[in-house]
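Structure, as structure tokens:
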Amino acid sequence: MDIIWLLLVLLLGLLSIQFMKLRQSAALLPPGPTPLPFFGNLFTIKFQLHHRTLMKLSEIYGNIMTIWVGQTPFIVLNGYETVKQCLIDNSEQVSNRPTTPYFQLYAEEQGIIVSNGHNWKLQRRLGLKILRNLGLGKKGLEWRIKVEACQLVEVFVSQKGSASDPNRCVMNAVTNVMSAVNFGHTYSLKDKFFHHIIDSTNVVANFFGTHCGQLYDTFPWLMHRLPGPQQAMYKHLHFLKQYMLQEIRQHQENPSPEPQDVVDCYLEEISKAKDNPFSTISKDNLIHVLLDLIVAGSETVTTTLQWGLLYMAVYQDVQVKVQKEIDAFVKRIENIQYEDRMKMPYTYAVIHEVQRFSTVVPLGLPRQCTQDIKLNDYSIRKGTIIIANLSSVNMDSKQWKFPDTFNPSNFLDEEGNFQANKAFIPFSAGHRMCMGEQMARIELFIFFTSLMKTLSFHLPQGVTEVDMSGIFGTTFKPHPYQICAIPR
């Protein structure tokens, strides 16, 4: 009995010491809810860094606040001016990614999305160069997207107006675009291996933002040994990396006379750098560059299109206006070109409003200070992790005419012309903004206009209410829904 009491006293003493240390550390940081020993604010945020929870907390603690995830403080930014001051005005100083347990598992400090320093700069620069050479912003890439858009239209037409969940067929089409860019080939929509790729991409892309993902980063040593979703994530991540390696080997065994895809172009760069012992242009980096492109590129575009189709089904008046504008300018979907987007201002505004109103990556990915910075009256030290709530920017009442409603007028002037807004940052901002932004813009325009030109989308008969609250993860998805695609 005495031993039990002694253990309890020791435990209480340990908790008290930990609590006091947290209070001392918190006193040097921006305000926030009081952290608990070991768990920090995980109970306050219900084990999830949800963008809406963070916006509510900012009403109490301000646009710059501290949230403790376990024993690690995160500086959370809300609102356009605050996010701009950090990500744009201090872009170089917040250009690192934190080396979290999940990021380390995912990328092993390779690739583009979560690598740092010289390797990140080299891989990003090389990635942009390769995408430009393959036709980013040129007709070559548009042609690949049009092929998949036409096939997606055919899939919807074949359903003959019956109610169905559009998620799988949209994901198939978008992933095939990335497959064509990365590997120079696409898959049949009935291919089971292709479905395995898509399922694995979904799991890996969304794990970071889940409850389990937050627990993994807080207690990696424990989560690695427990059963749960993280065990499935390990298998899916391993499968994707082996898939990338297999594609690389096939390209090496059957080289093309001229580079046709990302693998070809990168292998050519590896050959050029073979005599440089300090080069990080390597097969390992190529595996992770490909992984970054397919995970980030497929998931975000798919989710945006899912929201877009849902909004068109719910807001029929908006859909009718879009179709009238497209009909006046486009005779056949084969004629749709990204360069003509400004000639269809209402349609272009609707696409932007879908991205604004449902920011699909609401928190972006965390940044880490490379040196001390000043944000308003707060001194933020080197090494501090920063979360920019992009959703709060896209909902900032000081920046938008209709911040809390879906309204394309947010991107239209009084004459009905498209009007850009500086606070529109769905692809993040600064040095770490999405490398695939231009490609995503082209995909969204061509897919959306092709679908609106040929089909009308409606809720199934008898359905009058739709849950628009969304599902939070690394990406912000709509709840599964059924939709009817009626050929026009």
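Applying D = kT/(6 pi eta Rh) to the range 378-488, where Rh is the Kirkwood radius over alpha-carbon pairs, T corresponds to 10 °C and eta to 1.306 mPa s, the Stokes-Einstein value obtained is 90 µm²/s. Over the Cα atoms of the range 49-98, the radius of gyration divided by the Kirkwood radius equals 0.98; this is the Rg/Rh ratio.
How fast does the range 149-300 diffuse by Stokes-Einstein, in µm²/s, taking the Kirkwood radius from C-alpha pairs at 37 °C and 0.692 mPa s? After rounding, the answer is 188 µm²/s. Partners of Lys46 within straight-line reach, counting aspartates and glutamates whose Cα lies under 19 Å from its Cα and excluding those fewer than 8 residues away in the same chain: Glu59, Asp217. Averaging 1/r over each pair of different alpha-carbon atoms in the range 252-344 and inverting the result gives 17.5 Å, the Kirkwood hydrodynamic radius.
Across every pair of non-identical alpha carbons in the range 217-373, the mean reciprocal distance, once inverted, gives a Kirkwood radius of 20.4 Å.
Expressed as a whole percent, the accessible surface of the chain that belongs to carbon and sulfur atoms is 56, based on a 1.4 Å probe.
Would you compute the Debye intensity of the range 434-488 from its alpha-carbon atoms alone, equal scatterers and no solvent, and pass along log10 I(q)/I(0) at q = 0.23 Å⁻¹ to two decimals? Summing over Cα pairs of the range 434-488 leads to -1.04. For the range 185-226 versus the range 29-52, the spacing of their alpha-carbon centroids is 25 Å. Length available on full extension from Met468 to Ala328: 0.36 nm per residue minus the Cα-Cα distance, which gives 47.3 nm.
Across the chain, Cα-Cα distances exceeding 31 Å account for 47% of all pairs.
Three principal axis extents describe the C-alpha atoms of the range 183-261; from largest down they are 49, 26, 18 Å. Only Cα sites of the range 293-390 enter the Debye sum here, all with the same form factor; the resulting log10 I(q)/I(0) across q = 0.11, 0.13, 0.15, 0.19 1/Å is -0.53, -0.66, -0.77, -0.99, listed in q order. Each peptide in 200-212, 241-253 receives the mean, over its residues, of other Cβ atoms within 10 Å, and ordering these scores from highest gives 200-212, 241-253. Taking every DSSP helix (H) stretch of at least 4 residues in the chain, weighting each as -39,500 (n - 2.57) and dividing the sum by the residue count yields a mean residue ellipticity at 222 nm of -17000 deg cm²/dmol.
The values are calculated or read from the model by the stated rules, or taken from the named source; none is laboratory data. What you see is a predicted model, and the numbers here were worked out from it, not measured in a lab. Neighbour counts run over all protein chains shown; Cβ positions are idealised from the backbone, glycine included. Please note that ligands, DNA and RNA were not included when accessible areas were found on the heavy atoms of the full protein model with its side chains. Shrake-Rupley method; radii C 1.70, N 1.55, O 1.52, S 1.80 Å.
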